[in-house]
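**Q** This is the structure, below, for whatever I ask next.
The values are calculated or read from the model by the stated rules, or taken from the named source; none is laboratory data. Small disclaimer: the values here were computed from a predicted structure and weren't measured. Please note: Cβ atoms are built from the backbone with ideal geometry, for glycine as well, and neighbour counts cover all protein chains shown. Each accessible area value is taken on the protein alone, full model and side chains, heavy atoms only, with ligands, DNA and RNA left out. Shrake-Rupley method; radii C 1.70, N 1.55, O 1.52, S 1.80 Å.
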Amino acid sequence: DVKVTQSSRYLVKRTGEKVFLECVQDMDHENMFWYRQDPGLGLRLIYFSYDVKMKEKGDIPEGYSVSREKKERFSLILESASTNQTSMYLCASSLLGTAYNEQFFGPGTRLTVL
Amino acid sequence: AQTVTQSQPEMSVQEAETVTLSCTYDTSESDYYLFWYKQPPSRQMILVIRQEAYKQQNATENRFSVNFQKAAKSFSLKISDSQLGDAAMYFCAYSSPYTGNQFYFGTGTSLTVIP
């Protein structure tokens, strides 16, 4: 059964803290994605990766960085968390290939920055 | 960036009735794919149905079907015989070979099913 897991369902951090959000997939997918979900704004792509050590900026990369050292793991890093980064963060993965390939999502991490 | 618009932030339907969720998109490409995803409360987002733009026939998956109007750039989702478990946030999404592996999502429609 396909599975994408995220390290935390809920996270509370202080302004200025360094925050790591971890995502692991067990489907041997090449592509991995990080989205931010906010009410009324839908899902917005932060970063994605199509291979180990490769990364591409999405629509809203400012304030974020990513790391992909292993194929199955994709980390999102908030170098210095700010209150406007309070949001739901979703990780997804898909097979490399056609744009028809389904993205599989993790359960999400609800991050609150105080 | 491609634009995907869901103009109905909230919808409600009586159990066992039919409801249609709207989605429009903006593209100049001829080859693309459209998706409907469902996000139940506190649960993972899952794919409901997808459509290839070059296929004229509308996709169906059990009680879920789409009305794909390519010229109008419209991609609505019809849910028949609505069930309580259909209550969720529904997102329309677009992808194409020209956008790489990137999906573009609409802002979502929150569906309530009334018993």
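**Q** Using a 1.4 Å probe and counting only protein heavy atoms, how much accessible surface gets buried when A and B come together, both sides summed, in Å² to the nearest 100? Don't skip to the answer; put the middle values down first.
**A** On the way: alone 6430 and 6510 Å², together 10930 Å².
Roughly 2000 Å².
**Q** I would also like to ask the following. Would you mind telling me the antiparallel percentage of the DSSP bridges in the protein assembly as shown, rounded to 5?
**A** Of those bridges, close to 90 percent are antiparallel.
**Q** Separate question: Can you give the accessible area per residue of chain B, in Å², using a 1.4 Å probe?
**A** Solvent-accessible surface per residue comes out at 48 Å².
**Q** What fraction of the DSSP beta bridges in chain B is antiparallel, stated in percent and rounded to the nearest 5?
**A** 85 percent
**Q** Given springs between every Cα pair under 10 Å in a Gaussian network model of chain A, which of A:T83, A:T98, A:T15 has the largest fluctuation?
**A** Judging by the Gaussian network model, the answer is A:T98.
**Q** If Lys and Arg each add +1 and Asp and Glu each add -1, what is the summed charge of the other residues whose beta carbon sits under 11 Å from the beta carbon of B:L111?
**A** Counting the neighbours of B:L111, the net charge comes to -1.
**Q** To continue, here is another question. Taking amide H positions as placed in the peptide plane 1.01 Å from N, state which residues far from B:V48 in sequence (5 or more) or on other chains have amide H under 5 Å from it.
**A** Result for B:V48 returns B:W36, B:Y37, B:K38.
**Q** Sticking with this structure for a sec: Pick from A:L76, A:L21, A:L43: which residue has the top mean-square fluctuation in a GNM of chain A where Cα pairs under 10 Å get a spring?
**A** Judging by the Gaussian network model, the answer is A:L43.
**Q** Where is the GNM fluctuation largest for chain B (alpha-carbon springs, 10 angstrom cutoff): B:N67, B:N101, B:N58?
**A** Maximum fluctuation in the GNM of chain B, among the listed residues, is at B:N101.
**Q** Further question on the same structure: How high is the relative contact order of chain A, in percent, with contacts defined as C-alpha pairs under 8 Å that are six or more residues apart?
**A** The normalised contact order for chain A reaches 36 percent.
**Q** What percentages make up the Cα-Cα pair-distance distribution of the protein assembly as shown when the bins are 5 Å wide from 0?
**A** Per 5 Å bin, starting at zero, the Cα-Cα P(r) for the protein assembly as shown comes out as 1, 7, 14, 18, 19, 16, 12, 7, 3, 1, 0 percent.
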